[in-house]
Amino acid sequence: MDMPPSPTKPAVKKAAPKKKGNPHKEGVFSPIVVAAGAVLGKDSLIKIRAKVIGLHSDLIKSFVATSDTTFGEAVLKQLFNFVDTDNSGYLDKAEVAVA
């Protein structure tokens, strides 16, 4: 009599570890942020940064919402043409990395 194969446990995928902290310790705006923190204080700076990040997110959402309009399609086409440096009609890894 043949025995059915024993059930195997499904492979458990480990979640990628979450990155902790800010990976960008120094950036273009670092001198401005440091100066603003010295003038305004840490609490005020945190509130202002949160507001700026929120405004930036709203701006991105507004831009994405225009992608189906004539204007949005024209902008996306121009952005694509700008990034497609070899004019192949396709974006290769190097072009995407620069973008």
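Numbers below:
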| item | result |
| --- | --- |
| Residues satisfying the stated conditions in the range 59-79, i.e. farther than 22 Å from residue 89 by Cα and of a type outside the set (Val, Ile, Thr) | 59, 61, 62, 63, 65 |
| Qualifying residue in the range 18-29 (condition: open to solvent by less than 100 Å² (accessible area, probe 1.4 Å) and at pLDDT 90 or above) | no |
| Matching entry among 58, 86, 43, 68 (being surrounded by fewer than 11 Cβ atoms within 10 Å (Cβ to Cβ), out of contact with any strand residue (DSSP E or B) (no Cβ under 8 Å at 6 or more places or on another chain) and at pLDDT below 90) | 68 |
| Tabulated pairs, the range 24-37, first without any contact (Cβ under 8 Å) to a residue 60 or more places away in the chain, second in a loop (DSSP other than H, G, I, E, B), C-beta under 9 angstrom, 6+ apart or interchain | 30/24; 33/27 |
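The values are calculated or read from the model by the stated rules, or taken from the named source; none is laboratory data. These numbers come from a predicted model, not from an experiment. Cβ: placed from backbone, ideal geometry, glycine included. Neighbour counts: every protein chain shown. Ligands, DNA and RNA are stripped out before the accessible areas are found, and what is left, the full protein with its side chains, is counted by its heavy atoms. Shrake-Rupley method; radii C 1.70, N 1.55, O 1.52, S 1.80 Å.
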